[in-house]
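Here is the structure we will look at, set down as structure tokens.
The numbers here are math on the coordinates, done by the rules we state, and not lab data. Everything quoted here is computed from the prediction, not taken from an experiment.
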């Protein structure tokens, strides 16, 4: 066999493996969501029955799909009592809050794929900012410190750096 035939056969075999791998439902190049929030759709949706839009804090500007965006917020069982309770809000370590954000009411109503941001009240092993929260900027993102996120969330220092809680939701439609 000539070198060209060997190279061609090898290239065809590699291409077949790549096509088979990409065609499968298990994309070998896709990142999985962190186990701390992978199943967030089964959690309590604290914005249930709320419009989930606007910029009532005046701080959203261009983040979380901006003031015209629509948002849904979920909380895990660890933080559920705190977020549904009343001030002063103090979230236990391990609380995870997931915010889905849609660019428009039409996309929200249609159930289009949202952008996702995640806030995690840090546990002992996490490297944290001074506020004890870490963030991920996508469903498959890696959680870590963020001066950007912490900068905005500092405005919610009185509610343990969380904007969307029972008292806030009571002011919404």
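Using only alpha carbons, segment 40-170 has a radius of gyration to Kirkwood radius ratio (Rg to Rh) of 0.93.
Subtracting the Cα-Cα distance of residue 126 and residue 86 from their residue separation scaled by 0.36 nm leaves 11.7 nm. Could you give me the percent of Cα pairs per 10 Å distance bin for segment 89-137, shortest bin first, beginning at zero and ending with the bin that holds the maximum distance? P(r) over segment 89-137, rounded to whole percents: 25, 38, 22, 15, 0.
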